[in-house]
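Worksheet: the structure to be examined is printed underneath.
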Amino acid sequence: MASSSQETHTNPQDDASARAKASQDPLANSPYEEYDKNKMSAVDRQYAALDSNLPKRIYVIGTGSIGKLVAHSLRGAANPPPVTLMLHRYSLMEAWKKGKKRITIRTGKNDDWKAGFQAELLPQTRRQHKVTLREGQPNTWDLGDNVRPHEAAQILQEQIELENEDTETQKEVPMFENESQEQSTPQNEDISDEPIYNLIICTKAARTLAALTAIRHRLSSSSTICFLQNGMGTIDEINAELFPDPETRPTYIQGIITHGVNVPREMAERDPFFAVHAGQGTIALGILPREETKPSSTADEEASLAQASTQLIHKTDRWAPSARYIIRTLTRIPVLCAVGFTPAELLQHQLEKLAINSILNPLTALLDTRNGGILYNFALTRTMRLLLAETSLVIRSLPELHGIPNVNTRFSPERLETLVVSVANQTKENISSMLADIRAGRQTEIKYINGYIVKRGEELGVQCVVNYAIMQTVIGKALITQREADDDVPQEINYS
Ligand SMILES: CC(C)(CO)[C@@H](O)C(=O)[O-]
């Protein structure tokens, strides 16, 4: 169980507590710095022994199908690492506590359960007009009718900053006169404030910023976040909102997962910690290089440029120990079939997956059909080709792919179409993740799929009107489903 903490009022945007924690950072004197001093090569560093003081606990956010498979696999490894599940809802925490505290994965006819997890509740935060509000804090509507929401958000932000300046008094001074001073909820004992070094994120792209905002104060430059999710653009968003300083942000690992995992509807209600591993896939992993240090525009610019380029060479092959630990742990678990790639190769895999998802996901979601439903239908092939013409042009124009051989052929519209058709064929019986989201009334990942293509197109002067139109239609469809669900009349009423 998570350690009890009364310090849940810390502003997630505030680096102070992270800095304080960093001073007790177990990695501060790690051999990592020694490797640098000894000028070890990238390959030597990659295979060097890991520091035995390295914190081993791996936190997993997201207990959807992929999160369950990954957490279960981690505990199934030989000499398994300690694993903490970070649950995003009280009801899930309740279900965990009342249940057997284990994750079950069905493969074929075999049900295999793993136990030994810790569970924590993610602090419940919500963002309004870029201000992060914790559970119990008033929101922008509580300030009354005469204050416009963005002004209310500004007032709340100032109040939060004032409160954080004096953490001693923050528990005694209520923000509003009529507000209860008791901010804690019965579940506070489930929330921890321990630093997090190894984090795997398996939530939907659209939920990632909110989830990380809630634990921002527990992450530092010694942490590694491994993203296992569809879509692109989440990391840019997180950097802009949570880690604007490249020097102090965590290391990122990007993963592309092709395992087929689902949760049958009847089981979802009976056991939220059950999933079916229906299709054996792989995980492609790559550590994102840390950003270049900008030379200061002071006196000796040439010297600082030379220094910056040495730092860059040094940094791009410099892996945080926690990143090496996560990669090593995931790649030693046979069932996950995880493999490490160079950043350039991983980026190309990501873009291929993005192109496939940009067709299969919106079309299946809008037409309410299984993946195979879009095949052998020339009207849909025409739509697919219009979308792929834009997507191919955007990808082939991306500056980050410049100089990489074969990009024009690899991302030609014809090759992308072949990829889409072959994945639709291989997964013809599957319900795409976007269709599942729409049917369940959940937010979709469309902004991180077709929306990412539109955004990168805008930067490059390529207008992606077809991708834009399809994105807006999916957003509209999600709204219709959500409204229908809100109006829904319950069919079964239990009067007992
Ligand atoms: C490839 C894909 C569309 C197959 O269902 C999958 O990535 C999904 O469902 O998002």
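One Cα centroid belongs to region 225-250, the other to region 383-448; the line between them spans 22 Å. If I model a spin label at Thr107 and Arg270 as a point 7 Å from the Cα along the Cα→Cβ vector, what separation in nanometres do I get? Here the answer is 2.2 nm between the modelled labels.
If you plug the beta carbon distance of Glu291 and Gln118 into 1/(1 + (r/R0)^6) with R0 = 25 Å, you get a FRET efficiency near 0.15.
Quick check on my link table: of Lys353/Lys447; Lys353/Lys455; Lys353/Lys428; Lys68/Lys447; Lys56/Lys204, which ones sit more than 21 Å apart, alpha carbon to alpha carbon? Beyond 21 Å between Cα atoms: Lys68/Lys447; Lys56/Lys204.
Prolate is the label for region 322-393, because a/c, from the alpha-carbon gyration tensor with a ≥ b ≥ c as root eigenvalues, is 1.5 or above and a/b exceeds b/c. Normalised Debye scattering of region 399-496 at q = 0.13, 0.14, 0.25 Å⁻¹ gives log10 I(q)/I(0) of -0.68, -0.76, -1.30, counting only Cα atoms as equal scatterers and leaving out solvent. Suppose we look only past 15 Å in the calculated P(r) of region 187-256. What percent of the Cα-Cα pairs does that tail hold? Summing the P(r) tail past 15 Å for region 187-256 gives 52 percent. Net length available on complete extension from Ser91 to Lys428 is 117.9 nm, with 0.36 nm assigned per residue and the Cα-Cα distance removed. At full extension, Asp487 and Glu189 could sit 103.7 nm farther apart than now, given 0.36 nm per residue minus the alpha carbon distance. Note on Gln154/Glu237: beta-carbon distance plugged into 1/(1 + (r/R0)^6) with R0 of 22 Å gives a FRET efficiency of 0.55. Based on the Cβ-Cβ distance of Glu414 and Glu459, what FRET efficiency does E = 1/(1 + (r/R0)^6) give at R0 = 22 Å, to the nearest 0.05? That gives a FRET efficiency of 0.30. Each Lys or Arg adds one and each Asp or Glu subtracts one; over the other residues with Cβ under 11 Å from the Cβ of Ile215, this totals -1.
Site pair Val339 and Ile480 shows an inter-label distance of 4.2 nm when each label is modelled 7 Å from Cα along Cα→Cβ. Label-to-label distance for Lys100 and Gln472 is 5.1 nm, based on points extended 7 Å past Cα in the beta-carbon direction.
Rule-based calculations on the coordinates, nothing more; no lab input. In this text, all values refer to a predicted model and were calculated from it rather than measured experimentally. So basically every Cβ, Gly included, is an ideal-geometry build from the backbone, and we count neighbours across all protein chains shown.
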